[in-house]
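Here the structure is laid out as structure tokens; the discussion comes afterwards.
The values are calculated or read from the model by the stated rules, or taken from the named source; none is laboratory data. As the structure is a prediction and not an experimental result, all values here were calculated from the model. Quick reminder, even Gly has a Cβ in these numbers, built from the backbone with ideal geometry, and neighbours come from all protein chains shown. Ligands, DNA and RNA are excluded from the accessible area calculation, which covers all protein heavy atoms including side chains. Shrake-Rupley method; radii C 1.70, N 1.55, O 1.52, S 1.80 Å.
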Amino acid sequence: MDRTQPEGPSRRHVIGAAAGIAAVPAVGSAAETGRAAQSDASGKVDMTLTVNGQARRAMLDVRTSLLDALREHLDLTGSKKGCDQGQCGACTVHVDGERVLSCLILAVSVQGRRITTIEGLAEAGGRLHPMQQAFIDQDGFQCGYCTPGQILSAIACVNEGHAGSDDEIREYMSGNLCRCAAYPKIVAAIKQARPQMAVSPGTPAKVGQV
Amino acid sequence: MAYDASDDPRQLFGRPTPRIDGVAKVTGAARYASDEPVANPAYAYLVTSAVARGRVAGFDLDQARAAPGFIDVLTHENVGGQVKTNPDPAGKPDNTTTLESDKIWHDGQIIAVVLAESFEAARDAAHRVGVRYAAEAPSASFDSPGVQVEAHKPQTPDAKKGDAAGAFEGAPVKVEARYSTPTQHHNPIELFTTTCVWDGPKLTIYEPTQSMWGLKGGLAKQLSLDPKDVRTVSRFVGGAFGSKGSPTGRTAWIALAAKRLNRPVKLIASRDQGFTIATYRAETRQQVKLGATRDGKLVSFFHEGWEVTSRPSGYNVAGVETTARMYACPNIATAVNVVHADRNTPGFMRAPPETPYMFGLESAMDELAYALNMDPVELRRVNDTQTDPVDGRPFSSRSLMPCFDQAAARFGWSRRDPKPGAMRDGDWQVGWGCATACYPSNIGPAAARLSLTPSGKAAIQLAGHEIGTGAYTTVAVTVAHALGLKVEDVTVTMGDSDLPPVPVAGGSNNAASTTNVAYKACQMVRDRVAGAAVKAQDSPFHGADPAALRLQDGLLRGPGNLSEPLDKAVARTGGRLEVYAENIPAGLPPSAAQGLYEGKMVMSRGTGRKDVTAFAFGAHFVEMRVHVRTREARVGRVVSAFAAGTIVNPTTAHSQFMSGAIWGLSAALHEATEIDADAARYVNDNLADYLLPVNADVPPIEIIMVPEKDDRVNPLGVKGIGEIGITGMNAAVANAVFHATGKRIRDLPIRVEHLL
Ligand code: FES
Ligand code: FES
């Protein structure tokens, strides 16, 4: 869209939406599913997360965010912490194929959901996802710290059908801050990868609907 | 390829090369400091002061101790005397303290460190710490009651020449104006983290840093350890921009905590804490007076600055050292004042002196162009010079006008109607502005270890810093090309103080310092291989002049298109071929090497040399669009040209220039840390309220790399490029806003309310 037009989802709309959604399963899931969490005397919960196709079990503090579960307990440090409050996008992962901010989700609430992190994108033989390769080809990063989040967001952006034009890409990638300011090259990377990505059927049309 | 006898190493560079660490960065494999796995860590959470001035009268710790998972808490009461205060970013001993005593210097100062079994438990316990304060009314910034103002203490005397005041008096055309720039925080996306692990007397610190050896040396001093026992590791840094250049107060306490607990301790400071436990760019005020003849030649230059700092530190950036050197002028006077307030100590932030001070100068130059009724590009041209106006030394090279001319042509500047408000596009007022960019060309002493195997694999090790500049790739490119190998055949190891030291990755010295030492190491390898070949009966080069031999295309080659396979030539040197190179740039004293190993900031600075003054130059052209009714200001497009000597890797250089330019747009239109004047507290201390550009804010940006050959700046002709992009851009935007609207905005950032 025209950048000069104030209409459309701004960074803050995107953030607001994602934050709101994150809160729903966080408070609702145990009650809704009737699956009471097993917790011991110290407040720790025995939980199982399905990450990159693998079931991973851990005893974690019930307050542990999905981001901290990945980083501090499952040695999946590709997802980054840049703010821990839903403002930067560095922690973006996919839950059931959609981009979410893992710092705003309690790990206990996404048991049984399909979690994909940056470590799960390349094929087993090491062949990179087209979006990963495009980020290298276009020099779509500098320090690389926001990059896992950018790449997961970028893949979702294409799958959502929000990568139709440069302006649309810019708008729908504005929830992922890059302080190194690689933005124009992130747009170029998404344009490179877009035609190479298989269209996944039934991908949702809207950002952040979990 | 044929044998190439050229001795000009610059031919090795300039081929676009993708980052060798790219795969690690796009797969999550790159380990940033807080990603390093440590066994069974305890977690630290900081408690920071809720008042800006006074004392801690006491703590109420019962609630915290009762929190599940609580282990320990450090305060001045139990550990106060056990750590020496870290110096300020300039290396001076006077700095704000943390747990050393009950003294509170600024809001958000670290006053306690809570340790617990998990991150969640530590955060919970920290929030239960009760603090009793003996608070006093703080001074927040300029104009606050209680601030102390004093002239700064410059390392070299402030630039002064002729009679600036008298010449200004008599000048036929004058501009006199005051400008201001706001407080800014670096806000790298990576948080300030520290993990400390002890192994007997040996301490390992995993912490994002721009100075592996500086952090090592600094912490050894603070903790009274032998530097040999301190190791720092930071293989990748998640953005730095100056914020990770000097040790901060947090690290020593985490090390001490790990010692007390006999267990690794991990700290991940929160985003808001990052605003007060590290440094920032202080707000400035400036006065500029320019006097000129009617044909635009400057006759008088005066630039004075005021900068905020903490109570104890005299830290200042004194950008007049740069601005006084921009244009030919016979009469020059400069001054800088520091204003002590109840704030944390500021520090280096991307182009620390040039970002604020070039705003003053380049805005004033635009005002002068209007006063003269002269094109702003032509005003730069009539005042261009190849001689440093302050010292009278030649510039090592200066391609300012080629930058202006190439960028102007690309931008379409000749179509500009100079009258403010004359250009319109529907409901948008359109304005075009330009400004000079510049950054001094610095280089430091550095060391590196290089090995070459008979199978043609090279490995180079140095304690370099990958903060996003492409440092791994820069070194790989140098070694590959100097040894006649492919980039894939070179392994680069960096980010560990167990490796040979290089300077702080600051002052844009990294590329110059590391490529020059890497090239020197390659020369040593070549000398060994060539020396062995000319002595060997079985070599085609037996008895030849070793200086004529080159490592090219995976071969040892010589005149007459003779060559020998690398495996034979290298094996002959006695198996494993390894060299240790040290490069001390010309003009630095021999003690520079010692400083390097002590982690001191030793540098040959572009303005401090005896032979030449060394700067990179550039020119920005910006289109601003201001809506006639909403007064929303939008950047339409940007063209920036830079001439910075040898470009080592155009791929990463382009990214550095481009992101610098975006930082400049941000400095003009977005960024400012808001300060509560009563509480002396940062208000917008998070990433939603501290306005940074998002993808949708960034317009098309075109970067032109103007070829430049510099024979004097350093042997490889490399000038730094990481910071120049931001300089002058804030003024180019303000100048374009003036052209669009007729409103001269002298206080940054420019926002809707200034354009009503
Ligand atoms: S860490 Fe989750 S949005 Fe910043
Ligand atoms: S690459 Fe550094 S924050 Fe985006």
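So what's the gap between the Cα centers of the range B:101-154 and the range B:659-723, to the nearest angstrom?
For the range B:101-154 versus the range B:659-723, the Cα centre distance is 28 Å.
Efficiency by 1/(1 + (r/R0)^6): what FRET value for B:T156 and B:A586, r their Cβ-Cβ distance, R0 = 22 Å, to the nearest 0.05?
0.70
Students often check this: by mean Cβ neighbours within 10 Å, which of B:569-576, B:29-36 ranks highest, and how do the rest follow?
B:29-36, B:569-576
Exactly which GluC sites (Glu not before Pro) in the range A:91-125 are in a DSSP loop and have at most 13 other Cβ atoms within 10 Å?
Working: sites: A:E98, A:E119, A:E123; in loops: A:E123.
Here the sparse-neighbourhood loop sites are A:E123.
For A:R57, B:R393, B:R281, what's the largest-to-smallest order of accessible area, 1.4 Å probe?
Accessible-area ranking of A:R57, B:R393, B:R281, largest first: A:R57, B:R393, B:R281.
Treating cross-link reach as a plain straight distance, find the lysines whose alpha-carbon is under 18 Å from the alpha-carbon of B:K535, omitting any fewer than eight places away in the same chain.
List returned: B:K568.
Tell me what chain B gives for mean residue ellipticity at 222 nm when only DSSP H runs of n ≥ 4 count, each as -39,500 (n - 2.57), the sum divided by the residue total, rounded to 500 deg cm²/dmol.
-7500 deg cm²/dmol
Sort B:499-506, B:257-264, A:62-69, B:737-744 by the packing proxy (mean of other Cβ within 10 Å over each peptide's residues), most packed first.
Top to bottom by mean Cβ count within 10 Å: B:499-506, A:62-69, B:737-744, B:257-264.
Using heavy-atom solvent-accessible surface (probe 1.4 Å) with all chains present, what is the largest-first order of A:I136, B:I71?
Result, largest first: B:I71, A:I136.
Heavy atoms only, 1.4 Å probe, whole protein assembly: order B:R123, A:R71, B:R15 by accessible area, highest first.
Working: B:R123 70, A:R71 15, B:R15 120 Å².
Greatest to least solvent exposure: B:R15, B:R123, A:R71.
Using unit Cβ charges (K, R positive; D, E negative) and no other charged atoms, how large, in debye to the nearest 20, is the dipole of chain B about its Cα centre?
Working: 79 positive and 81 negative charges, 166 e Å.
Rounded to the nearest 20 debye, it is 800 debye.
Under 8 Å for C-alpha pairs, at least 6 residues apart: give me the relative contact order for the range B:526-600, rounded to a whole percent.
22 percent
When you look at the Cβ of every residue in B:8-21, what mean number of other chain Cβ atoms sits within 10 Å?
Going residue by residue through B:8-21 and averaging, the value is 1.
Given Cα pairs under 8 Å that are at least 6 residues apart, what percent is the relative contact order of chain B?
Reported relative contact order: 17 percent.
Which value, in Å², gives the accessible area per residue of the protein assembly as shown when a 1.4 Å probe is used on the protein heavy atoms?
That works out to 34 Å² per residue.
Average partner chain C-beta neighbours within 10 Å, per residue of A:181-194?
Numbers: counts 18, 7, 10, 10, 4, 2, 2, 0, 1, 1, 0, 0, 0, 0.
Partner Cβ neighbours, averaged per residue: 4.
Counting only other chains, what is the mean number of Cβ atoms within 10 angstrom of the Cβ of each residue in peptide B:686-692?
5
To the nearest 10 square angstrom, how much accessible area does B:D498 have with a 1.4 angstrom probe?
100 Å²
Would you mind calculating the gained length between B:K228 and B:E378 on full extension (0.36 nm times residue separation, minus the Cα-Cα distance), in nm to one decimal?
48.3 nm
Report the B-A buried area as the accessible area lost on both sides summed, probe 1.4 Å, in Å² to the nearest 100.
4800 Å²
For the range B:335-439, with only Lys/Arg (+1) and Asp/Glu (-1) charged at the beta-carbon, what is the dipole magnitude about the Cα centre, in debye rounded to 20?
Dipole about the Cα centre, nearest 20: 200 debye.
How high is the relative contact order of the range B:567-648, in percent, with contacts defined as C-alpha pairs under 8 Å that are six or more residues apart?
Computed over the range B:567-648, the figure is 18 percent.
Considering only protein heavy atoms and a probe of 1.4 Å, how much of the accessible area of the protein assembly as shown is carbon and sulfur, as a whole percent?
Values: 17030 of 33060 Å².
For the protein assembly as shown, the apolar C and S fraction of the accessible surface comes to 52 percent.
Of A:K191/B:K25; B:K174/B:K419; A:K80/B:K486; B:K160/B:K297; A:K81/B:K719; B:K174/B:K610, which ones are farther than 22 Å apart at the Cα?
Violating the 22 Å limit, Cα to Cα: A:K80/B:K486; A:K81/B:K719; B:K174/B:K610.
Hey, which aspartates and glutamates would be in cross-link range of B:K153, C-alpha to C-alpha under 18 Å, not counting anything within fewer than 8 residues on its own chain?
Of all the aspartates and glutamates, those that pass the test against B:K153 - Cα under 18 Å, at least 8 places apart if same chain - are B:D88, B:D94, B:E304, B:E307, B:E321.
Set the Förster distance to 22 Å, then compute FRET efficiency between B:H127 and B:D94 from the Cβ-Cβ distance, nearest 0.05.
After rounding, the FRET efficiency stands at 0.10.
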